[in-house]
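Reading through the structure tokens given below for one structure.
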Amino acid sequence: MSDMPLKLFNSLTRKLETFEPVHPGEARVYSCGPTVYNYPHIGNMRAYVFADLLGRVLSWKGYKLTHVINITDVGHLTDDADAGEDKMEKMAAEKAQSIWDIAQHYTQAYWEDVKALNIRQPAEWSIATRYIDRMIDFAKQIADKHCYELESGLYFDTSTVADYGRLARAGAEDGAEESRGRIETVEGKRNAADFAIWRKTPPGEKRQMEWDSPWGRGAPGWHLECSVMSGDLLGFPFDIHTGGIDHREIHHPNEIAQNQAFCCTNGLSVAANSGARIWMHNNFLVERSGKMSKSAGEFLRLQLLIDKGYHPLAYRLMCLQAHYRSELEFSWDGLGATLTRLKRMVMAAERLQGVEEGDPAHPKFAPLQEKFDAAISDDLNTPVALTAFEEALAMKKVDAGVKRAVVARMDAVLGLGLLDLTRADLRIRPKAATISEAEIEDALERRKAARAEKDFATSDAIRDELAARGVDAMDGDPLGWEWKAG
């Protein structure tokens, strides 16, 4: 536990604020989860590394954490607008599969990535389709004062709440696109920014996912589910709502409007009126070709990184190397450099494995622990925290048990799991590898024999053959060899 106050950047107020929990000793956090119509790309997963980091920091600070992440398995259209196809229905049609099977498959794929990135399990995975009745009840409670009905569904009148869109307007100060520019026109809407609370199934059509409601058979709007699940599981107001920066322009302003209507709160000069005291957003992961997009059909999955021989925790470390509010540029060279950094950390931590932990409150480590705590307390400044962590790993002539305890404490925040990793664990076989590990070991034995006989020509030829097949032979290194990633 740390006494240093935790300061977090609130996207709603555009200020760095000291975290003061709604409920003393507790931290209640809601994170917008994936829409499970496709595999998550690594840009999506940055949001969950960030949310996991936030949760770990809150735990480090001594708060009892309740973290909820939703699974959107219904309601999200192919755009943030109120026109277009439902993403889930569209993928089910393309794959000629049940929409329920689609949801289950991609939810499982997401959970596998969560595990691979050492992201802690939240208190609750809230599944949207399990909350349909509560969504209808929520909509009923706000419909009379805040909604109107069109042929296509029930719409929220954004003019009925104070300060609608403040979150998006605050975001526009740093060059983000404002929400109104991306909303398509739906005939009959009173205001351009009005959005669907309930979407009726068009006459003559049948969806795989549809339910009866007072406004006709259909499905909930995308924004409704997060208001319902966050309020139901955490209570309004709760402490922190997280998501990617792309949610700051439409999805989260619409959530806030619903929360205001449901809680009968006034304007947003009091942040808690939004439903959460603090709204936090991680920035984009970008590659040279621009923002990664699943809709383009070309996106990077975590499995692709693994297939190329990169341990998934190298990607977690890559995320931690940049501040969560900064853009993070992805490149294969950058990932390779990060993997090398991770290997160095693992080499240092391996010496501590099997050592009994001592008392981390040792004066020799005090300055580094203060540096680490100051960094994470300053809006989760992981780039600086990582330098303190590496300095702790590099400390010499110190008690090994104390060092292990300090490293374990810091890594509980960073989530790299170093004390459970070995360099051999980082030796991931690339999918394109044309040689087996047994063949590698056999080649190294032949090379060892050639070197013993001073047949350096044969030794060099074997080394070059291994290199051509993606293997680095490392003379004098106890590990012996590793794959060339990339």
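The values are calculated or read from the model by the stated rules, or taken from the named source; none is laboratory data. On a predicted model such as this, the values are computed, not experimentally measured, just so you know. Here Cβ is always computed from backbone atoms with ideal geometry, including for glycine, and neighbour counts include all displayed protein chains. Areas reflect the complete protein model, heavy atoms only, side chains present, ligands, DNA and RNA absent. Shrake-Rupley method; radii C 1.70, N 1.55, O 1.52, S 1.80 Å.
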Starting from the amide H of Lys308, placed 1.01 Å from N in the peptide plane, find each other amide H under 5 Å away whose residue is 5 or more places distant or on another chain. Lys431
Other-chain or far-sequence residues with amide H under 5 Å of Glu124's (modelled H): His67, Ile69
Phi-derived 3J(HN,Hα) across the stretch 438-447 with the Karplus relation (6.51, -1.76, 1.60, θ = phi - 60°), rounded Hz, x for Gly and Pro, is 5, 5, 5, 4, 5, 5, 5, 5, 5, 5
State the Cα centre-to-centre distance between the stretch 222-257 and the stretch 329-357 in whole Å. 36
Non-local residues with an amide H under 5 Å from the amide H of Glu287, with H modelled 1.01 Å from N and Pro and chain starts lacking one, are Met292, Phe330
For the chain, the longest principal axis of the Cα atoms and the Cα long axis of helix 382-394 enclose an angle in degrees, to the nearest 10, of 20
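Could you look at the chain and say what percent of its accessible area is carbon and sulfur, using a 1.4 Å probe and all protein chains? Show your work: numbers first, answer last.
On the way: 9900 of 20940 Å².
So the carbon and sulfur contribution to the accessible surface is 47 percent.
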Each residue of the stretch 194-208 in order: what ³J(HN,Hα) in whole Hz does its phi give by Karplus 6.51 cos²θ - 1.76 cosθ + 1.60, θ = phi - 60°, with x for Gly and Pro? 4, 9, 6, 8, 9, 9, 6, 5, x, x, x, 10, 9, 9, 5
Between Gln303 and Glu445, with labels modelled 7 Å along Cα→Cβ, what's the label distance in nm to one decimal, could you check? 3.5
Calculate the FRET efficiency for Ala412 and Trp111 from the Cβ-Cβ distance with a Förster distance of 25 Å, rounded to the nearest 0.05. 0.70
Any idea what angle helix 42-60 forms with the longest principal axis of the chain, computed on alpha-carbon atoms, 0 to 90 degrees, nearest 10? 90
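As an exercise, take the mean of 1/r over every pair of distinct alpha carbons in the stretch 335-431, invert it, and state the Kirkwood radius in angstroms. Kindly include the intermediate steps, with their values, before the conclusion.
On the way: mean 1/r = 0.0720 Å⁻¹.
When all Cα pairs of the stretch 335-431 are included, the Kirkwood radius is 13.9 Å.
Translational diffusion coefficient, Stokes-Einstein: compute it for the stretch 373-486 using the Kirkwood radius over C-alpha pairs as Rh, at 37 °C and 0.692 mPa s, and state it as an integer in µm² s⁻¹. Numbers along the way, then the final one.
Numbers: Rh = 17.2 Å.
Result for D is 190 µm²/s.
Counting DSSP beta bridges in the stretch 9-145, what percent are antiparallel, to the nearest 5?
Numbers: 3 of 14 bridges.
About 20 percent, rounded to the nearest 5.
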What accessible area per residue, rounded to a whole number of Å², is obtained for the stretch 268-415 using a probe radius of 1.4 Å? 42
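Based on the Cβ-Cβ distance from Lys140 to Glu85, what FRET efficiency comes out when R0 is 30 Å, to the nearest 0.05? Intermediate values should be presented prior to the final figure.
Values: r = 27 Å, r/R0 = 0.89.
It comes to 0.65.
For the stretch 439-486, count the residues as N, evaluate 2.2 N^0.38 Å, and divide the Cα radius of gyration by that value, please. Intermediate results must be reported in sequence, preceding the final value.
Numbers: Rg = 10.2 Å, N = 48, 2.2 N^0.38 = 9.6 Å.
Scaled against compact globular proteins, the figure is 1.07.
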How far apart, in nanometres, would the label points at Arg120 and Glu370 be if each is projected 7 angstrom from Cα along the Cα-to-Cβ direction? 2.7
Can you give the extra length, in nm with one decimal, that the chain gains between Arg14 and Glu94 once fully stretched, where that is 0.36 nm per residue apart less the Cα-Cα distance? 24.6 nm
Would any residue of the stretch 330-363 have its amide N under 12 Å from a label point 7 Å out along Cα→Cβ of Asp399? List them or say none. 356-363
DSSP-defined antiparallel bridges as percent of all bridges, the stretch 185-325, nearest 5: 55
Can you compute 3J(HN,Hα) from phi for each residue in the stretch 363-376, using the Karplus curve 6.51 cos²θ - 1.76 cosθ + 1.60 with θ = phi - 60°, rounded to whole Hz and x for Gly and Pro? x, 5, 9, 4, x, 5, 5, 5, 4, 5, 5, 4, 5, 6
Treating the beta-carbon of each Lys and Arg as +1 and of each Asp and Glu as -1, no other charges, what is the dipole magnitude of the chain about its Cα centre, to the nearest 20 debye? 720
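What is the extension gain from Lys64 to Arg341, computed as 0.36 nm multiplied by their sequence separation minus the C-alpha to C-alpha distance, in nm to one decimal? Mind dumping the intermediate values first?
Values: separation 277, 0.36 × 277 = 99.72 nm, distance 3.26 nm.
Value of the extension gain: 96.5 nm.
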Looking only at aspartates and glutamates whose Cα falls under 16 Å of Lys396's and that sit 8 or more positions away or on another chain, we get Glu350
List the lysines whose Cα lies under 18 Å from the Cα of Lys308, skipping any in the same chain that are fewer than 8 positions away. Lys343, Lys431, Lys484
Overall dimensions of the chain as given by Cα atoms, namely Rg and Dmax in Å: 25.6, 90
Relative compactness, the stretch 241-368, computed as alpha-carbon Rg over 2.2 N^0.38 Å: 1.51
